[in-house]
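Every number here is computed from the coordinates shown, using simple stated rules; none is lab data. Computed from a predicted structure; not experimentally measured. We place every Cβ from the backbone using ideal geometry, glycine too, and count neighbours over all the protein chains shown.
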Amino acid sequence: MPTAPRRGPRAATDPRHPPFATDGAPPAEPARSEARRTAVRDGLGVGVAVGLSGFAFGVTAAGAGLSVLQACALSLLVFTGASQFALVGALAAGGNPFTAAAGAFFLGARNAFYGLRLAGLLRLRGGVRPLAAHWVIDETSAVALAQADPRAARTGFAVTGVTLYVLWNLTTLLGALGAGALGDPRAWGLDAAGPAVFLALLAPMLDGVRERATAMLAVLLAVACVPFLPAGVPVLAAAAAAPLVLLVSGFRARRAGAATAEQEGPEPESPEAGSGSRGEAGR
Amino acid sequence: MTVWLAIGLTAAGCYLVKLLGLSVPAEMLEKPLVRRLAVLLPVALLAALTALQTFGGGTGELTVDARAVGLAAAAVALLLRAPFLLVIAVAVVGTAAARAFGG
């Protein structure tokens, strides 16, 4: 990822102008316009596919006892799918509003780290930042970070954001309204949509030993806690799997020495300056 | 009313954490330990949520029902690299089918 994006000729645009409306400038060179086209295509593809799944959220929310207004408020104001599904699931299971919101919040905390990566790439001005922040989620980040240059990244972020925001909210409304006409959402299998969304988000993250160990431990912790803890709390207990796995892998790396730590430890995509080859042992 | 309280808290919390990431100087969150935790925390939560919403029954119960069939089908779809929406559709249709043909 480029840490210092070039400032193109477009740096002169009105600072209040949304970063996503980059259509004004004529394409400078074929390579750039090609990169922009790729960004638009990526953004539309992801935006449409994920945006349509808002229907499942609307139905799930209605099935959990939320009103149409409440379902739409969640999609408009929270706008991070996993947290929305988590909140609705916790409320449906009878969890109290604080534990339900805590689970949804911790899940949404990952967006801070997307924002961190995007900040240098998108170069948002002060006035635009609070608006753009609302769109900093899995999908927009994935598309923006996959683009060839900062301009294409901005385009990708914008196209994904606008497509997804419009569709996700529209389909949430339709799902919540249509839930009544569908009758029992369970008969349509729609109670499987929530966990399927979680699984689909989880799958690409399971690319390392540590990630898989964390997932397995989290499942065990959650399942073990269900009989003893009130609804919504087992998820929070399962979050402990993350520091536990880090702790254990830290110990093992220290005992096995730097050579083994090298093999199982560091993420390939993070050239952490300073910690270098010492990997785990450095902590 | 409690639902609105939960919605308000979640909306405020989720928005502020997004804004924080865009606004904070990178060095503050770029510590190796914080980064590793940030990678693993969603893994733990998503795995737990998948399990709980697949096998969760009433309060304090776990059951294996049609949802497990749908999720297993979705897992296969994921292994075959199916796109996001198709994975959800497979889970929904698989669950509905399992319910229709046997409970």
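What ranking of A:ARG41, A:ARG154 emerges when the number of other C-beta atoms within 10 Å of each C-beta is taken as an exposure proxy, fewest first?
Ordered by Cβ neighbours within 10 Å, fewest first: A:ARG41, A:ARG154.
How much length would be gained if the chain were fully extended between A:ALA181 and A:LEU69, taking 0.36 nm per residue of separation minus their Cα-Cα distance, in nm to one decimal?
Full extension from A:ALA181 to A:LEU69 adds 38.6 nm.
Against the globular-protein guess of 2.2 N^0.38 Å, express the Cα radius of gyration of region A:20-137 as a ratio, rounded to two decimals.
The value comes to 1.31.
In sequence order, what are the phi-derived ³J(HN,Hα) couplings for region A:214-231 according to the Karplus relation 6.51 cos²θ - 1.76 cosθ + 1.60 with θ = phi - 60°, rounded to whole Hz, with x for glycine and proline?
Here the 3J(HN,Hα) series is 4, 4, 5, 5, 5, 4, 4, 4, 4, 5, 5, 7, 3, x, 9, 10, x, 3 Hz.
May I ask you to evaluate 6.51 cos²θ - 1.76 cosθ + 1.60, the Karplus curve with θ = phi - 60°, for each residue of region A:50-65 and list the ³J(HN,Hα) values in order in whole Hz, giving x for glycine and proline?
Taking θ as phi minus 60°, the curve returns 6, x, 5, 6, x, 4, 4, 5, x, 5, 4, 4, 4, x, 7, x Hz for region A:50-65.
So what does log10 I(q)/I(0) come out to for region B:64-103 at q = 0.23, 0.28, 0.29 Å⁻¹, using the Debye formula with one equal point on every Cα and no solvent?
Once normalised to I(0) and log-transformed, intensities are -0.61, -0.81, -0.84.
Going by average Cβ neighbours within 10 Å, how do the peptides A:169-179, A:187-197 rank, with the highest at the top?
Peptide ranking by packing, descending: A:187-197, A:169-179.
Could you work out the relative contact order of chain B, using alpha carbon pairs under 8 angstrom and six or more residues apart, expressed as a whole percent?
Computed value for chain B: 19 percent relative contact order.
Take A:LEU76 and A:LEU206, extend 7 Å from each Cα along the Cα→Cβ direction, and tell me the distance between the two endpoints in nm.
Here the modelled spin labels are 3.8 nm apart.
Find the relative contact order for region A:34-205 and round it to a whole percent, using C-alpha pairs within less than 8 Å whose residues are 6+ positions apart. Let's see the in-between values first.
Working: 222 pairs, mean separation 77.0, N = 172.
Here the relative contact order equals 45 percent.
Please report the relative contact order for region A:126-197, taking Cα pairs under 8 Å with a sequence separation of at least 6, and give it as a percent rounded to a whole number.
Relative contact order, region A:126-197: 19 percent.
What is the order of A:THR38, A:THR80, fewest Cβ neighbours within 10 Å to most?
In increasing order of surrounding Cβ atoms, one gets A:THR38, A:THR80.
Averaged across the residues of A:241-247, what count of C-beta atoms belonging to other chains lies within 10 Å of each residue's C-beta?
Numbers: counts 7, 10, 6, 2, 5, 5, 0.
So the per-residue partner count for this stretch is 5.
Which ordering of B:TRP4, A:TRP168 is given by a fewest-first count of other beta-carbon atoms within 10 Å?
The fewest-first ordering by Cβ neighbours comes to B:TRP4, A:TRP168.
Can you list the HN-Hα couplings for region A:163-168, worked out from phi with the Karplus curve (6.51, -1.76, 1.60; θ = phi - 60°), rounded to whole Hz and with x for Gly and Pro?
Each residue's phi maps through the Karplus curve to give 4, 5, 5, 5, 5, 4 Hz.
So who's got an amide H within less than 5 Å of the one on B:GLY56, skipping anything under 5 residues away but keeping other chains? H placed 1.01 Å off N, in plane.
B:THR63
Alpha carbons only, please: Rg and Dmax for region A:143-226, in angstrom.
That works out to 18.3, 48 Å for Rg and Dmax.
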